[in-house]
1. What residue, among those in segment 78-100 that are under 20 Å from residue 36 (Cα atoms) and part of a helix (DSSP H, G or I), is farthest from the chain's Cα centre (by Cα)?
2. Anything in segment 81-124 that is open to solvent by less than 40 Å² (accessible area, probe 1.4 Å) and within 17 Å of residue 53 (Cβ to Cβ)? List them, or say none.
3. Residues in segment 106-124 that are small (Gly, Ala, Ser) and assigned to a loop (DSSP other than H, G, I, E, B): how many?
4. Please determine, by comparing only the residues of segment 134-153 that are part of a helix (DSSP H, G or I) and free of Cβ contacts under 8 Å to residues at least 60 places away in the same chain, which one is nearest to residue 75 (Cα to Cα).
5. Given the conditions (1) part of a helix (DSSP H, G or I); (2) in contact with a Ser or Thr (Cβ under 7 Å, 6 or more places away or on another chain); (3) closer than 25 Å to residue 148 by Cβ, and given that residue 38 satisfies all but one, which numbered condition is not satisfied?
6. Restricting to segment 67-80, and then to whatever is open to solvent by 50 Å² or more (accessible area, probe 1.4 Å) and either among the acidic types (Asp, Glu) or touching a Pro at 6+ places or on another chain (Cβ under 7 Å) (or both), can you tell me which residue is farthest from residue 7 (Cα to Cα)?
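The values are calculated or read from the model by the stated rules, or taken from the named source; none is laboratory data. Just so it is clear, the model here is predicted, and its values are computed rather than measured. Please note: Cβ atoms are built from the backbone with ideal geometry, for glycine as well, and neighbour counts cover all protein chains shown. Just so you know, the surface numbers come from the protein's heavy atoms only, side chains and all, with ligands and any DNA or RNA stripped out. Shrake-Rupley method; radii C 1.70, N 1.55, O 1.52, S 1.80 Å.
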Amino acid sequence: MTFDIELNRLTIARGDIEQALRFLKKAGGIDPTSDEYEALVMTAITLYARPFSKNEVDPQAKANKCVSSEVLDEYTKEERVLHDRLLEVRNKAIAHAEWNNYPTSVSWDTRVIKSRRYSIYPEFITVESFAALAMKLERRLQNMRVDRVLQER
């Protein structure tokens, strides 16, 4: 049995998006100010962004480093804006802690340190819009997988 590095990455990506959709479904019925909501949506964002992160470093890997930009070809302009924002949130607030998302200040008079943790709650991202985007991506990944298999016949 041979392997196809593009098909393997598409399959891994589809699994990530399916799992993100499961978390979004659970988040839909939870208070958006709760820790549970925060954990589910942040995890869904991480899973959604994973296929676009060049995380495969092994030159002998049996999967591409990330999915091709072709998976986004069917996104509308508005969907692309949401997609870009999800990746930005993952990169700047979830996977890494940039100061803009975790501001800290010191009152030197009182020696009090103030900080604010990032929260997904005030974000523009709604579970519904995020889930719709993820479902569209999941369908696209599945179609690309099928096309890849049919090409090999």
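1. Across segment 78-100, the extreme among qualifying residues is 93.
2. If the condition is that a residue be open to solvent by less than 40 Å² (accessible area, probe 1.4 Å) and within 17 Å of residue 53 (Cβ to Cβ), then 83, 86, 87, 89, 93 are the ones that fit.
3. 1
4. 139
5. If we test residue 38 against (1) part of a helix (DSSP H, G or I); (2) in contact with a Ser or Thr (Cβ under 7 Å, 6 or more places away or on another chain); (3) closer than 25 Å to residue 148 by Cβ, just (3) comes out false.
6. Going through the qualifying residues, I end up with 78.
Per-residue answers, yes or no, for (1) modelled with pLDDT under 90; (2) closer than 19 Å to residue 136 by Cα; (3) hydrophobic (A, V, I, L, M, F, W, C):
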{"position": "42", "(1), (2), (3)": "no, no, yes"}
{"position": "65", "(1), (2), (3)": "yes, no, no"}
{"position": "75", "(1), (2), (3)": "no, yes, no"}
{"position": "79", "(1), (2), (3)": "no, yes, no"}
{"position": "85", "(1), (2), (3)": "no, yes, no"}
